[in-house]
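Q: Sharing a structure with you now.
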Amino acid sequence: MAYSWFKAFHLVGIVVWFAGLFYLVRLFIYHVEANEEPEPARTILKNQYQIMEKRLYSIITTPGMLVTVAMAIGLLTTEPDVLKEGWLHIKLLFVLLLIGYHHYCKRLMKQLAVDKCAWGSQQLRALNEAPTVMLVVIVLLAVFKNNLPTDITAWGIVASIIVMAATIQLYARKRRLDKEKQIAEVAQPQQ
């Protein structure tokens, strides 16, 4: 019975943690793009995003990570033999990378707060894809364990993910170019 409780709350923790990670970097993108706004909107937006980032990181994302890790430890105490499995070692490596990503987001948040972030909105959009890739790998390892499929279906799924990520990047580029065009059109009659 303990295994089921640990597993249930492990899944809840994962959902909360990833929801926070996905939205946090999206806020970073908006925060960086606020620099393009005229005053006083720039200051108002940046202050609002900073508040939202801190609350999201502290109240949702970090507790989600802690619940996920605590429940994973609980799961391992109920089935310690699983620690001998190769798939779990790879999964734990990706979880460690994800924890590193989580803490790197904290670093970016601090840099944004003092206007020292060197990342542009396009770079942050690409960074925002990292947890998606890690989530897919972690889930596939957890579901298939040592029998991860390498057939055409698996490669089709990988290709779909790559196409989805590329589409998101192309859409972001289109939006940026449309905005630049709109700004140029507004500025042109004034000249």
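The values are calculated or read from the model by the stated rules, or taken from the named source; none is laboratory data. Predicted, not measured: the structure shown is a model, and the values here were computed from it. Reconstructed Cβ throughout: ideal geometry from the backbone, glycine too, with neighbour counts over all protein chains shown.
Conditions (1) modelled with pLDDT under 80; (2) closer than 29 Å to residue 98 by Cβ, marked per residue:
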| residue | (1), (2) |
| --- | --- |
| 134 | no, yes |
| 149 | yes, yes |
| 155 | yes, yes |
| 160 | no, yes |
| 179 | no, no |
| 189 | yes, no |
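Q: Further question: Of 66, 24, which residue is modelled with pLDDT of 95 or more and either in contact with a His (Cβ under 6 Å, 6 or more places away or on another chain) or surrounded by 14 or more Cβ atoms within 10 Å (Cβ to Cβ) (or both)?
A: Criteria check complete, one pass: 24.
Q: Here's another thing I want to ask about it. For the range 37-46, how many residues are exposed (fewer than 13 other Cβ atoms within 10 Å of the Cβ) and either touching a residue at least 12 places away in the same chain (Cβ under 8 Å) or part of a helix (DSSP H, G or I) (or both)? Full working, then the answer.
A: Start the filter on the range 37-46 by keeping residues that are exposed (fewer than 13 other Cβ atoms within 10 Å of the Cβ), which leaves 38-41, 43-44.
Right, trim to either touching a residue at least 12 places away in the same chain (Cβ under 8 Å) or part of a helix (DSSP H, G or I) (or both) and you get 41, 43-44.
Selection size over the range 37-46: 3.
Q: Quickly run through the range 50-71 and pick out the residues that are in contact (Cβ under 8 Å) with a residue 12 or more places away in the chain and hydroxyl-bearing (Ser, Thr, Tyr).
A: 57, 61, 62, 68
Q: I've got another one for you. Would you check if there is a residue in the range 131-145 being under 28 Å from residue 37 (Cβ atoms), among the polar types (S, T, N, Q) and surrounded by 13 or more Cβ atoms within 10 Å (Cβ to Cβ)?
A: no
Q: Something else about it: How many residues are without any contact (Cβ under 8 Å) to a residue 60 or more places away in the chain and over 18 Å from residue 118 (Cβ atoms) if we restrict to the range 18-36?
A: 3
Q: Sticking with this one: Among (1) more than 24 Å from residue 144 (Cβ to Cβ); (2) modelled with pLDDT under 95; (3) not hydroxyl-bearing (Ser, Thr, Tyr), where does residue 82 come up short?
A: The number of the failed condition is (1).
Q: Taking the range 116-128 as the search range and keeping residues that are without any contact (Cβ under 8 Å) to a residue 40 or more places away in the chain and not in a helix (DSSP H, G or I), which one is surrounded by the fewest Cβ atoms within 10 Å (Cβ to Cβ)? Outline the logic, then answer.
A: Residues of the range 116-128 that are without any contact (Cβ under 8 Å) to a residue 40 or more places away in the chain, as a first pass: 116, 118, 123.
Within this subset, residues satisfying the condition of being not in a helix (DSSP H, G or I) are 116, 118.
On the way: 116: 9, 118: 7.
If we take residues in the range 116-128 being without any contact (Cβ under 8 Å) to a residue 40 or more places away in the chain and not in a helix (DSSP H, G or I), then 118 is surrounded by the fewest Cβ atoms within 10 Å (Cβ to Cβ).
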